[in-house]
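First up is the structure itself, then whatever we jot down about it.
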Amino acid sequence: MESTKGVLTLSKWGNSLSIRIPKNVLDILKLSNNDKVSYQLKDDKIILKPEKNESPLRKMFDGFDTEAYFKNEPKNKEIDWGKPKKCFNCWSQHVFGEGNKIFLRKEISLNGIL
């Protein structure tokens, strides 16, 4: 990571004081509006640390051990999903798009679909 130094000025914001973080620092840390930053007071210093923006899906799997989960599974295990079913209202057979336009491959009945 780049080493960056500078002097920041405290500014009044309501009953508090605020510090503006320069854009180049925000870009380096990949921070944007409403991102969370934690602070710590230590030895007369203020230490600011960006909070990690983890996806909710990643958080759901915290502590999940994939190696243990798949340890006893046979490799290349075949799964029977059953016989294919006929597509009743399958749009992908009849509709395709190009840019922001939608085209019908052939005439279809929309009765009971919409």
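The values are calculated or read from the model by the stated rules, or taken from the named source; none is laboratory data. On a predicted model such as this, the values are computed, not experimentally measured, just so you know. Virtual Cβ from ideal backbone geometry, glycine too; neighbours counted across all protein chains shown. In case anyone asks, the SASA skips ligands and DNA or RNA and just uses the protein heavy atoms, side chains included. Shrake-Rupley method; radii C 1.70, N 1.55, O 1.52, S 1.80 Å.
Overview of results
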{"item": "Breaking point among (1) in contact with a Phe, Trp or Tyr (Cβ under 8 Å, 6 or more places away or on another chain); (2) open to solvent by less than 100 Å² (accessible area, probe 1.4 Å); (3) at pLDDT 70 or above, for Gly82", "result": "(1)"}
{"item": "Residue list for the stretch 31-44, filter: within 15 Å of the chain's Cα centre (by Cα) and exposed (fewer than 10 other Cβ atoms within 10 Å of the Cβ)", "result": "Ser32"}
{"item": "One residue from Ile28, Ile47 being open to solvent by less than 100 Å² (accessible area, probe 1.4 Å), under 30 Å from Gly6 (Cα atoms), touching a Leu at 6+ places or on another chain (Cβ under 9 Å) and at pLDDT 85 or above", "result": "Ile47"}
